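J.: Can you keep this structure in mind? I'll have questions shortly.
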Amino acid sequence: MTASPEQIAALAEELVGLLGERGVTTELRGREKASVDGAKMSPILAEQLPLGLADIVAFPTSAEQIAEVVAAAVRHGVSVTPRGKGTGNYGQAIPLEGGLVLDMSKARAVVEVGDGYLVAEAGTPMVTIEQAAREAGQQILMYPSTAQSSIGGFLSGGSGGTGSIKHGSNMSGDYVLALDVVYASPVAELVHVEGEAAQPYVHTYGTAGIIARATIALEPLQEWVGFYASFPTFDDATSVIREIGWLSPTPRLVSADLPRIANALPADAAIPKDRASLRAILDPSTVEAATALVEGAGGRVEEVREGPQATVKISMLSYNHPIEWLQKSVPDETWFHVEVSGAALVERLDEVHEVYPGGLLHIEAQRDHPIGMLAAPYVSAEEVYAGYDRLAAIGVGYHSPHQWFVDHEVARTKALAATTDPDGLLNPGKIPTGETVPTGTKWVGPKSA
Ligand SMILES: Cc1cc2nc3c(=O)[nH]c(=O)nc-3n(C[C@H](O)[C@H](O)[C@H](O)COP(=O)(O)OP(=O)(O)OC[C@H]3O[C@@H](n4cnc5c(N)ncnc54)[C@H](O)[C@@H]3O)c2cc1C
């Protein structure tokens with residue numbers, strides 16, 4: 001339901017009273033900036049852009065102001081699309097029906113760091129949280145490769161990253177301890193939910209309630225080192241990726257790339273050209289065992305780097321980032337990718353690559369079986385979708401990054417949103433209806449993290 005110019009003008013006036021002139025914008029440039037995310041990584045979505053344009057953008061600076069802004073929007077009948085850093089790569093943060101974009105980037109206080117937990121406002125960057133935890137001798141269980149993204153966005157749209165080998169995904173139930181959420185209510189209120197009651201708001205794009213403040217688990221700080229190895233071939237690297245992931249204490253991250261993808265990464269002496277690259281964040285006590293595995297597979301250790309900066313750098317070359325670098329390295333070509341998983345990524349690597357002509361796999365170790373991104377030159381949406389069955393036929397799990405629908409606990413989310421957002425004002429268009437769910441919305445087959 002699109003809001004009328006009168007509704008937007010009335011909301012703008014109220015929000016200026018609440019947040020000041022600088023806390024609200026109706027300028028086209030600001031609205032356009034607030035209406036894009038990483039969807040351009042998908043050529044299928046990119047062909048449909050722009051998928052929506054905000055009518056107004058608000059910048060609350062605290063959890064309480066987030067609640068005030070949502071209540072004002074509800075009173076004026078204007079839809080609300082929450083936004084963290086806007087790095088979600090499926091159009092999750094695009095305001096499909098216009099309305100208000102609630103930009104959280106100024107609500108970024110770390111409120112409290114306690115023994116085993118940290119409380120932060122929705123817009124706090126993950127790197128800030130990791131730093132605050134570190135200063136208290138602790139660490140967060142996991143963070144995404146988009147380390148500058150917000151905790152609210154990671155909890156609402158993300159799933160895993162550095163730390164996932166040990167801790168799985170942010171939906172596992174151990175990651176989020178409590179949330180302060182805001183419903184689509186005309187009265188400003190922060191609803192505190194803990195434990196099990198907090199989980200339905202995780203990975204549901206704000207459709208059942210907007211996260212204003214989060215309490216997440218911390219664990220004792222470990223010192224980590226950044227471990228770089230290279231191999232003559234990708235087969236050599238993948239032959240040991242699982243064993244390196246199973247070392248104890250569990251590595252925080254283990255990523256591997258084909259020479260073609262490694263060549264596209266930012267220049268680094270520890271990622272030599274034309275060799276497969278393996279990068280890991282390891283407990284220092286496991287470096288010797290990891291070295292033996294690498295050398296046993298015909299590889300060599302390029303460098304072991306110390307310090308938090310070194311390990312964050314490796315995080316920022318994991319998950320979707322190598323694919324993004326590959327896309328940037330061939331600006332004249334269009335590439336797509338599919339999220340994939342399962343032992344077959346290692347055991348049937350050649351067949352995985354053959355699913356799409358020119359297919360290239362990026363791979364991440366996980367506790368059970370690896371996950372990855374299978375990239376290939378783009379021909380058509382039909383060709384992309386046709387590959388899904390071929391992936392399933394060789395035992396590869398898949399998930400499509402070419403759609404923006406909530407893909408986790410959909411029935412539960414619908415039922416909750418019916419009570420917390422009866423008029424469908426929160427991030428409208430993201431909860432799938434029967435007819436509009438494209439193939440691959442849900443994970444099919446084996447899944448990790
Ligand atoms: C190159 C690349 C690499 C990536 N790597 C990873 C990775 O390693 N792991 C991973 O999980 N993801 C990854 N992503 C996806 C995304 O970057 C992360 O999930 C990120 O943490 C999202 O945070 P954000 O602040 O950018 O959220 P946004 O993109 O702003 O929002 C994400 C979703 O959450 C909603 N939202 C935002 N804030 C709130 C809130 N406070 N309350 C309720 N809903 C909210 C938005 O409406 C949207 O639906 C990657 C994306 C790209 C492009």
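J.: Mind checking whether some residue in the range 151-171 is over 15 Å from the mean Cα position of the chain (by Cα) and open to solvent by less than 20 Å² (accessible area, probe 1.4 Å)?
T.: yes
J.: Separate question: I'd like to check something: does the range 309-325 contain any residue that is farther than 25 Å from residue 127 by Cβ and in contact (Cβ under 8 Å) with a residue 12 or more places away in the chain?
T.: There is no residue in the range 309-325 that is farther than 25 Å from residue 127 by Cβ and in contact (Cβ under 8 Å) with a residue 12 or more places away in the chain.
J.: Tally time: how many residues in the range 380-432 are under 18 Å from the mean Cα position of the chain (by Cα) and among the charged types (D, E, K, R)?
T.: So the count comes out to 3.
J.: Can I ask one more? Scanning the range 392-406 for residues that are over 15 Å from residue 361 (Cβ atoms) and away from the ligand (no atom under 16 Å from the Cβ), which turns out surrounded by the fewest Cβ atoms within 10 Å (Cβ to Cβ)?
T.: 393
J.: Could you pull out the residue among 110, 119 that is open to solvent by 10 Å² or more (accessible area, probe 1.4 Å), closer than 21 Å to residue 68 by Cα and without any contact (Cβ under 8 Å) to a residue 24 or more places away in the chain?
T.: 110
J.: Starting from residues that are more than 23 Å from residue 222 (Cα to Cα) and within 13 Å of the ligand (Cβ to nearest atom), keep the ones in the range 172-190 and report whichever is surrounded by the most Cβ atoms within 10 Å (Cβ to Cβ).
T.: Here the residue is 182.
J.: Take the conditions within 12 Å of the ligand (Cβ to nearest atom), open to solvent by less than 10 Å² (accessible area, probe 1.4 Å) and without any contact (Cβ under 8 Å) to a residue 40 or more places away in the chain and apply them to residue 81. Does it pass?
T.: Considered against the rule, which asks whether it is within 12 Å of the ligand (Cβ to nearest atom), open to solvent by less than 10 Å² (accessible area, probe 1.4 Å) and without any contact (Cβ under 8 Å) to a residue 40 or more places away in the chain, residue 81 comes out as no.
J.: Within the range 208-217, how many residues are near the ligand (Cβ under 8 Å from one of its atoms) and either farther than 10 Å from residue 155 by Cβ or modelled with pLDDT under 95 (or both)?
T.: Final tally of qualifying residues: 3.
J.: Criterion first (acidic (Asp, Glu) and in a loop (DSSP other than H, G, I, E, B)) does residue 236 satisfy it?
T.: no
J.: Right, here's the next one. Regarding the range 230-237, can at least one residue be identified that is buried (at least 16 other Cβ atoms within 10 Å of the Cβ) and either among the acidic types (Asp, Glu) or modelled with pLDDT under 95 (or both)?
T.: There is at least one residue in the range 230-237 that is buried (at least 16 other Cβ atoms within 10 Å of the Cβ) and either among the acidic types (Asp, Glu) or modelled with pLDDT under 95 (or both).
J.: Within the set of pairs 6 or more residues apart or between chains, which connect a residue that is charged (D, E, K, R) and at pLDDT below 95 inside the range 422-447 to a residue that is more than 16 Å from the ligand (Cβ to nearest atom) and open to solvent by less than 40 Å² (accessible area, probe 1.4 Å) with Cβ atoms less than 8 Å apart?
T.: Going by the 8 Å Cβ cut-off, the qualifying pairs are 447/397.
J.: So, one more: Here's a check for you: in the range 143-171, which residue that is farther than 24 Å from residue 66 by Cβ and touching a strand residue (DSSP E or B) at 6+ places or on another chain (Cβ under 6 Å) is farthest from the ligand (Cβ to nearest atom)?
T.: 162
J.: Just to be sure, is residue 33 at pLDDT below 95, within 27 Å of the chain's Cα centre (by Cα) and within 13 Å of the ligand (Cβ to nearest atom)?
T.: no
J.: Additional query: Considering the range 358-385 alone, what residues qualify as being assigned to a loop (DSSP other than H, G, I, E, B), open to solvent by 20 Å² or more (accessible area, probe 1.4 Å) and without any contact (Cβ under 8 Å) to a residue 60 or more places away in the chain?
T.: Those that are assigned to a loop (DSSP other than H, G, I, E, B), open to solvent by 20 Å² or more (accessible area, probe 1.4 Å) and without any contact (Cβ under 8 Å) to a residue 60 or more places away in the chain: 358, 379, 380.
J.: Among the residues of the range 212-237 satisfying the criterion of being polar (S, T, N, Q) and over 24 Å from the mean Cα position of the chain (by Cα), which is farthest from residue 68 (Cα to Cα)?
T.: Top of the filtered list is 233.
J.: Has the range 239-248 got at least one residue that is open to solvent by less than 20 Å² (accessible area, probe 1.4 Å), of a type in the set (A, V, I, L, M, F, W, C) and under 25 Å from residue 335 (Cβ atoms)?
T.: Scanning the range 239-248, I find at least one residue that is open to solvent by less than 20 Å² (accessible area, probe 1.4 Å), of a type in the set (A, V, I, L, M, F, W, C) and under 25 Å from residue 335 (Cβ atoms), so the answer is yes.
J.: Can you pull out the residues in the range 85-111 that are assigned to a strand (DSSP E or B), among the β-branched types (Val, Ile, Thr) and under 30 Å from residue 2 (Cα atoms)?
T.: Within the range 85-111, 101 is the sole residue that qualifies.
J.: Out of contact with any helix residue (DSSP H, G or I) (no Cβ under 8 Å at 6 or more places or on another chain), of a type in the set (A, V, I, L, M) and surrounded by fewer than 23 Cβ atoms within 10 Å (Cβ to Cβ): which single residue out of 136, 147 fits that description?
T.: Of 136, 147, the one residue that is out of contact with any helix residue (DSSP H, G or I) (no Cβ under 8 Å at 6 or more places or on another chain), of a type in the set (A, V, I, L, M) and surrounded by fewer than 23 Cβ atoms within 10 Å (Cβ to Cβ) is 136.
The values are calculated or read from the model by the stated rules, or taken from the named source; none is laboratory data. Please read all numbers here as calculations on a predicted model, not as lab measurements. Neighbour counts run over all protein chains shown; Cβ positions are idealised from the backbone, glycine included. Surface accessibility is based on the protein's heavy atoms, side chains included, excluding ligands, DNA and RNA. Shrake-Rupley method; radii C 1.70, N 1.55, O 1.52, S 1.80 Å.
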